[in-house]
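Here's the structure we're looking at; comments come further down.
What follows draws every value from the coordinates through simple rules; no lab data is involved. None of the values given here were measured: they were computed from a predicted structure. Ideal geometry is used to build each Cβ from the backbone, glycine not excepted, and the neighbour counts take in all protein chains shown.
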Amino acid sequence: MVKVGLTGGIGAGKSEVSRLLASYGAVVVDADKIAREVVEPGTPGLAAVVEEFGKDVLTPDGTLDRPKLGGIVFNDPEKLKALNAIVHPLVGARSAELEASAGPDAVVVHDVPLLTENGLAPLYDTVVVVDAAPQTQLDRLVRLRGMAEDEAKSRMAAQATREQRLAIADLVIDNDGPLEALEPQVRAVWERLRDA
């Protein structure tokens, strides 16, 4: 088994790289997806979030109001730390279960947005960073995701810097260009990972 950590700043295109790797045969463990699952209604994770942040972070139907919670934690490092202390251990446990169920010859790609910030690089055989210039990230967040520019800048500022991510990279995928330039790079990375 080859354990890969895949990361990149918000708007860098990590999700598209993850999708391509899965299409080639990688077993993808998506930390963001798992982070949503562990705070679904009825879970201990959601109960802990409500205990920490109050019932105001719930929608009328009892699900987590992610934009509201995001607005609280992304501008307050202490509150973000409190949320991470609840969610990260739950995500880690579920990720380990999924990895354990992959075959011995699998290439397991852990799609982890905060890999750099949480010092997780040593957990992986190879760290792949999807890189894009900050201006490209900002443009994508505003134009493609419909974020307000101030919110996009705030989210970017809450993450590791481009330099910090590149410093932990074993392999870098440059996603500053058009989508069609991405696929050949991802395929080349996949071949290296599969042959590792």
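Summary table below
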{"item": "Length-normalised contact order of the range 1-158 in % [C-alpha pairs under 8 Å, at least 6 apart]", "result": "47"}
{"item": "Farthest positive-ward along the chain dipole, Cα basis, beta-carbon charges - from L141, P122, V2", "result": "L141"}
{"item": "DSSP-defined antiparallel bridges as percent of all bridges, the range 1-142, nearest 5", "result": "5"}
{"item": "Two-decimal log10 I(q)/I(0) for the range 1-62, as the Debye equation yields it once each C-alpha is a single scatterer, q = 0.17, 0.19 Å⁻¹", "result": "-0.74, -0.81"}
{"item": "The range 83-164 - Rg (one decimal) and Dmax (whole number), Cα, Å", "result": "15.5, 45"}
{"item": "Inter-label distance for A100 and A196, nm, one decimal - labels placed 7 Å from Cα along Cα-to-Cβ", "result": "2.2"}
{"item": "Estimated 222 nm signal from helices in the chain, with DSSP H stretches of n ≥ 4 weighted -39500 (n - 2.57), rounded to 500", "result": "-15500 deg cm²/dmol"}
{"item": "Within a Gaussian network of the chain (alpha carbon springs, distance under 10 Å), most fluctuating of A158, A167, A35", "result": "A167"}
{"item": "Magnitude of the charge dipole, the chain, Cβ model with Lys/Arg +1 and Asp/Glu -1, debye to 20", "result": "100"}
{"item": "Relative contact order %, the range 28-67, counting alpha carbon pairs below 8 Å whose residues are six or more apart", "result": "30"}
{"item": "The range 28-168, Cα convex hull volume normalised per residue, Å³", "result": "131"}
